[in-house]
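Worksheet: the structure to be examined is printed underneath.
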Amino acid sequence: MSLNVNPSRTKIGWIGTGVMGRWMCQHLMDKGYSVTLYNRTKSKAQPLLDAGATWVDSPREVAEVSDVIFTIVGFPRDVREVYLGENGILQGTKSGNIIVDMTTTEPSLAQEIYEKAKAQGVTSIDAPVSGGDIGAREARLSIMVGGDSEAVGAVMPLLEEMGKSIVHQGGAGAGQHTKMCNQITFAGTIIGVCEALLYGYKAGLDLETMLSSISGGAAACWTLDNVAPRILERNFDPGFFVEHYVKDMGIALDEAKKLNLSLPGLALVHQLYLAVQAQGHGRLGTHALMLALEEMSGLDRGA
């Protein structure tokens, strides 16, 4: 791998400028990297265009002028279209390019893209992230990386501009499998936080005072520190969309089935999130689970 990234000569391609991708791309631009980008909805890319990024009309056109191409889109079908479609990235890449998918998607799809890219002399890395919009904005994401060691080393300086915990987990697909472990763990913590707040509310506790106690004990976790305050504020704006988390849990359950595993806790939380979606909250943040639990308990505190 001959690539030695440097703002003066490495051309970055970026596809996906949602609540996380917008900030992740901005960090690279702030370091002086020139960026060519594409997003399905151009208006969502406007802050980056205003900051100096160059717009093109397809993923293929991004790849044609870039050395390293990053993607962070919504669903596996989007990843497939962006990489393997008629105007996809692999239609525009050249030998020596590195492609880095930071979407949470199927491990098998990450492996498929890796093999098809390799046949063209292109190196593919799967690098899903955790940390939500706050982690993206503050460049302190956790990044779980799968792919060849040499390629991972080559793009590490770029990943370090976006995250604080960056761990190479193994070969193609290993990053996605690790993200599934992350999402399984989050399922347990988010339902615990929501149910604790629900119980505390009904018991008449001052919820901020209650949290000040339990956040210093065995219940301490990222979700308690970062998500519970949003729930108390009744701020259900997305750091991570409900509909995307439903997708992630579905992937994890499908993978568990392939591994002959029973994950009843994850299955329960998945069903509860399907209820959140059915109530019309799919575009709210994952902490909108609280709304479904309140409705099940006969409480109507409003969104």
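Can you tell me which residue within segment 196-217, out of those that are assigned to a loop (DSSP other than H, G, I, E, B) and either in contact (Cβ under 8 Å) with a residue 12 or more places away in the chain or within 23 Å of G135 (Cβ to Cβ) (or both), is nearest to the chain's Cα centre (by Cα)? Filtering segment 196-217 for residues that are assigned to a loop (DSSP other than H, G, I, E, B) and either in contact (Cβ under 8 Å) with a residue 12 or more places away in the chain or within 23 Å of G135 (Cβ to Cβ) (or both), the one nearest to the chain's Cα centre (by Cα) comes out as S215. The set of residues in segment 133-174 that are without any contact (Cβ under 8 Å) to a residue 60 or more places away in the chain and of a type in the set (V, I, T) comprises I143, V145, V152, I166, V167.
Within segment 109-157, if we keep just the residues that are closer than 18 Å to V79 by Cβ and of a type in the set (D, E, K, R), the residue that is surrounded by the fewest Cβ atoms within 10 Å (Cβ to Cβ) turns out to be E115. Tallying residues that are outside any loop (DSSP other than H, G, I, E, B) and touching a Gly at 6+ places or on another chain (Cβ under 7 Å) within segment 130-150 yields 9.
The single residue among L253, L261 that is closer than 28 Å to P107 by Cα, assigned to a loop (DSSP other than H, G, I, E, B) and free of Cβ contacts under 8 Å to residues at least 24 places away in the same chain turns out to be L261.
Restricting attention to segment 218-237, which residues are at pLDDT below 95 and either more than 23 Å from the chain's Cα centre (by Cα) or assigned by TED's automatic domain parsing to the domain that holds E138 (or both)? Listed by number, the list is empty, since nothing qualifies. For segment 38-92, the set of residues classified as small (G, A, S), more than 12 Å from C25 (Cβ to Cβ) and more than 20 Å from the chain's Cα centre (by Cα) consists of S43, S58, A63, S66, G85, G88, G92, listed by residue number. Taken over segment 17-49, residues that are more than 17 Å from D67 (Cα to Cα) and among the small types (G, A, S) amount to 4.
Looking at L141, is it closer than 15 Å to T71 by Cα, within 17 Å of the chain's Cα centre (by Cα) and either at pLDDT 95 or above or not aliphatic (A, V, I, L, M) (or both)?
no
For segment 249-267, the criterion of being more than 20 Å from P76 (Cβ to Cβ) and buried (at least 16 other Cβ atoms within 10 Å of the Cβ) is met by no residue.
Listed here are the helices (runs of 4 or more DSSP H) enclosed by segment 5-89 that have at least 2 residues being touching a helix residue (DSSP H, G or I) at 6+ places or on another chain (Cβ under 6 Å): 21-30, 59-64, 76-84.
The values are calculated or read from the model by the stated rules, or taken from the named source; none is laboratory data. Values in this document were obtained by computation on a predicted structure and should not be read as measured data. Don't worry about glycine lacking a Cβ; one is built from the backbone with ideal geometry, like all the others, and counts go over all protein chains shown.
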